[in-house]
Each structure stands twice: as structure tokens, then as C-alpha cells.
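Quick note: the coordinates plus some simple rules give every number you see, no bench work behind them. This is a predicted model, so every value here is computed, not measured. So basically every Cβ, Gly included, is an ideal-geometry build from the backbone, and we count neighbours across all protein chains shown.
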Amino acid sequence: MRTFKPYAPDQMYLLPPNLAEWLPEGHLASFISDVVDQLDLREIFISYENGDDRGAPPYNPAMMLKLLMYGYCTGKPSSRKIEKATWDIVAYRVLSADQHPDHDSIAEFRKRHLPILAGLFLQVLKLCRAAGLVKLGHVALDGTKVKANASKHKAMSYDRMGKTEAQLEKEIAALLAEAENVDEEEDAKYGKGKRGNELPKELQRRESRLIKIREAKAALEAEAKAVAERKAKEVEEKLAKRAEEEARTGHKARGKTPTAPNGEMAIPEAKAQKNFTDPESRIMKDGASKGFEQAYNAQIVVDSKAQIIVAAEITQESNDKQQLVPMLVKAKENLGSVPENVSADAGYFSETNITARELEAFNLHIPPDRQKHGDKALPDEEKEEKAEGLSVADKMRNKLRTKSGHQIYRYRKAIVEPVFGQIKEARGFRRFSMRGLEKVKAEWTLVCLTHNLLKLFRSGRLQQAV
């Protein structure tokens, strides 16, 4: 008869009594625990010092942070999934020391400390740099659309808001008139001064919808005004440059003189939309699916050495053009130095960006046009980069045609685009858990922080970093 290994489900102490021994050596959960133990968490602990001592004591913040980080690393950002995992999955059970915080406690911890958790990004980035995973030889910038925690079907256009607002006002006026008639009839029947019931549910529902629509309309109008004011500022800068050029050359500048829009008169476009579930998210075209999603535009700057994210941000603008300067400035602030080379796709190119004072120290490689596959370098044109009289766009085109410029730009995709694949496909992060721009920004930073942790874990260089 075949002999099998012993199997006794009811055996006592089948697992080692020491929780640390439940996982194999070198497990990701053990790594996350070691990293969190090395981070400066004083700001989180201080926030509990003046708290209310009544009721049950809170869970240890270090334990909660370990669970959250491990959840984001393994594709379980949901507080409900993390709660369930503390019962079902050994790694979570080890990190929680066999405690089982409920999903409300996990969600509240994340919500309460998101701004502080985002600040830990710099601490992890420093660990990665100390481990030799950041070299700043070449960084690449790109963006991707990440779905908001809201349905695009819960959005309404400015034009439709106006029509719906007028319709609701009529319906509410009719209901109020009807209610007034009923009141008069009841006063006659039961006598004045008798207290009636609450407003009819039908009237309450219409009034709440009207309030939401008016708030959304006001927000769209404020945004339209802000955009017009920003464009007016840009026109002023262009006019100043134009006047400076005319004074230098003694000739009138060619082309139509730009005119500044009036911010006070600005109104939203008829198709401009606002979402009622997450009003700060936007309808954006997703380059991957080619469809439109309720989303945010997630930006990252990635170092070429080990695909470490050195800067991360969220914007409500679907266009990337305005993100080049702030993202590179943020990368410089995070690292305290400027990379040797920077690359980004044509969506980031503009004359204003390339000539921005903040980026004077950066060696930019950003094509004015979409690059065709198979384009080859033209080494003999390297000297043309310094040619007088060329436009900013033509100078950049010539720069990217040189052997060195072509070689740098061709690696852009291989540096930054795999990172989005690792976040969205490998870890399954395609939708934010939080709502509102500030919370989404902090959550994206947490996603990028855990991406860097995974890179540090797989490099096996944690001891080198401490």
C-alpha cells in the first residue's frame, strides 16, 4: 500500500508559534515589515497624542501601514479585501500579528493619514537612491489615464444642466403651488396651526437635484473663468516677447497679434461636463482603450537605471502639455539634482515649455511631432543644432536627428511605459479607491511608493540602502 506524508488537520500547533516563521525567508511581506520599521513615522504617531482616550484603543499605525503597503503591492487596495486577507492569507496574518482590523478601521486609517503616507514617498526614494537604483543619467516623463471612483454616466453637460435646472424650477414651483392648495384645503378642514408632515419625497428629490446641478454649474463657470485668466496671462507673456523682438530687430513681428480673453465674460463650453459622484474628476480619452472614461491624468518621471519613479502627480487636464515644467521641477526637488538627459513624447512639446527658465539646466529631448517607427539618425546634421535663425521646434527636430539625440530618445518608451504596465496590469490598479483631487493625488503617490518598494525588494539591496 502506498505510504503518504502525515496529514492531521486537527493537530495542535501545526504552524510554528512564532509568526515570523510562517513565511519563507526573503518573503515580500517580511521585506515590507522591515522597511516600515525603518521609516520615520513620528508624524503619524503624534497625530494620536491628543486623541480621545474613551473607547477601544486604535490599532498600531505601523501594523496598519504594513497592511496597506502590502495590499497596494499585491493588488489588494480595497479595505474589505485587506480585512478578509488577514483571515485567509498567511502573509497578511503575519503582518497584522494575527489581529483583524475591520474594513472601516482600515479605510479610516488610510483616509486620515493619506497626506502623511504620501510624504513617505521621499523616504522610500532615498532608500532606492542609496541602494544605487537611481543614477539620473536619463529620466523619461509620461502620463496615463486612471479611472476615477465614479461612473461617467453620472456626469452632465453644461448645456443640459441649464435645461434641467429650468425644468426642475418649473416642477418645484408646480409642486409648491399644489402643496399650498392642499394646505388651504386642510386648514379649512382641520383648522389653522395644525402641524403637517415633512415635504413630499418628490419635492425633496427635485430640490436636492437642483442644488447639485447649481453647484456643478457654478464649478464649471469658475473653471472657465480660471482657464480664460490663465490664457490671458500666456497672451501677455507672448505680447511682451513680441514687443521685445520688434524692438531688437526694428521690424514688426509676423503673424496675427494674439488677443487675451476676458475672464469675467468667460462661460463654459456647452459640452463641458461635471460628474456628480466625483466632481473633481474629468471625462478623458483613454489612449489604450480609445474610449472616453471618467478619470484623472496620472503623471510620473522615471529613472532609466531600475525604473524607479522619482516624481509623481495627478492632474485634471487630459492634455499633457502643461505638465512638463512642474513634473521636472518636482523631480529636481525630490532628488536635489538635475538628470543628464530628459525625454518625453510630442504631447509635452511647446515653445513655452522648451524655453522655460525653470528648465534651463535640463537637456530636453521632446519632439515637436509624433515620431515614426524606424526613423534613423542623421549624424551629419549635428552641427545644425547651433544654426542661427531656426525656430525652437526646428532646433529640437535637428537635435533629435543627431546620433546622440536619436539614441537617447529611442529609449524613452522602454523606460517609462513598462512602469504603467507593471502598475495597471501586474498589480491591477486601474481605478482609484478615493474621490476628490487631493485624496486621489495622495493615493497615486502611495501607488508609486509601493512600485518603488517592489523594485527595491527585487533588487535585494535593502541592506545596502541602510
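Tell me which residues come under 5 Å, amide H to amide H, from Phe292 once H is placed; ignore anything under 5 positions away on its chain.
Those qualifying (amide H under 5 Å, at least 5 residues apart or on another chain) are Asp286.
Round to the nearest 0.05 the FRET efficiency obtained for Arg54 and Tyr411 when R0 = 60 Å and r is the Cβ-Cβ distance.
According to the calculation, E is roughly 0.55.
Where does the charge balance sit around Leu65 when Lys and Arg score +1, Asp and Glu -1, over other residues with C-beta under 11 Å from its C-beta? Kindly include the intermediate steps, with their values, before the conclusion.
On the way: positive: Lys66, Arg110; negative: Asp37.
Within the 11 Å Cβ shell, the charges total +1.
Counting C-alpha atoms alone, how compact is segment 57-111: give Rg to one decimal and Dmax as a whole number, in angstrom.
9.5, 29
Mind listing the Cα extents of segment 19-130 along all three principal axes, in Å, largest one first?
40, 36, 23
Quote the FRET efficiency, to the nearest 0.05, computed for Ala62 versus Arg357 with a Förster distance R0 of 41 Å and r equal to the Cβ-Cβ distance.
Efficiency at R0 = 41 Å is approximately 0.40.
Running Debye on segment 102-153 with equal point scatterers at the Cα sites and no solvent, what base-10 log of I(q)/I(0) appears at q = 0.16 Å⁻¹?
Those come out to -0.84, one per q.
For Ile283, list long-range residues whose amide hydrogen, built 1.01 Å from N in the peptide plane, is under 5 Å from its own amide hydrogen.
Long-range HN contacts for Ile283: Ala295.
For Val310, enumerate residues with amide H under 5 Å from its amide H, sequence gap 5+ or separate chain, H modeled in the peptide plane.
Val301, Val302, Asp303
Mind listing the phi-derived Karplus ³J(HN,Hα) values for segment 114-121, rounded to whole Hz, using 6.51, -1.76 and 1.60 with θ = phi - 60°, and x for any glycine or proline?
Listing the rounded values in order: 3, x, 6, 4, 4, x, 6, 3 Hz.
Treating only the Cβ atoms of Lys and Arg (+1) and Asp and Glu (-1) as charged, compute the dipole magnitude of segment 19-130 about its Cα centre; round to the nearest 20 debye.
In debye, rounded to 20, segment 19-130 gives about 460.
In this model, which of Lys256/Lys290; Lys66/Lys441; Lys145/Lys256; Lys111/Lys147; Lys321/Lys441; Lys330/Lys455 are farther than 28 Å apart at the alpha-carbon?
Lys256/Lys290; Lys145/Lys256
For the pair Val338 and Lys233, what calculated FRET efficiency results from E = 1/(1 + (r/R0)^6), where r is the Cβ-Cβ distance and R0 = 22 Å, to the nearest 0.05?
0.25
For segment 316-323, just list the computed ³J(HN,Hα) in residue order, Karplus coefficients 6.51, -1.76 and 1.60, θ = phi - 60°, integers in Hz, with x standing in for Gly and Pro.
So the J values, rounded to whole Hz, are 8, 8, 6, 7, 8, 4, 7, 9.
Which net charge results when you count Lys and Arg as +1 and Asp and Glu as -1 among the other residues whose beta-carbon is under 9 Å from that of Glu313?
+2
Place a point 7 Å from Cα of Ala130 in the direction of its Cβ. Which residues in segment 41-64 have their backbone N less than 16 Å from it?
41-42
For Leu324, what charge total do you get from the other residues with a beta carbon under 14 Å from its beta carbon, if Lys and Arg give +1 and Asp and Glu give -1?
-3
So what are the ³J(HN,Hα) numbers for segment 336-345, from phi and the Karplus equation (6.51, -1.76, 1.60; θ = phi - 60°), rounded to whole Hz, Gly and Pro as x?
Along segment 336-345, the couplings run x, 7, 9, x, 5, 9, 10, 10, 7, 7 Hz.
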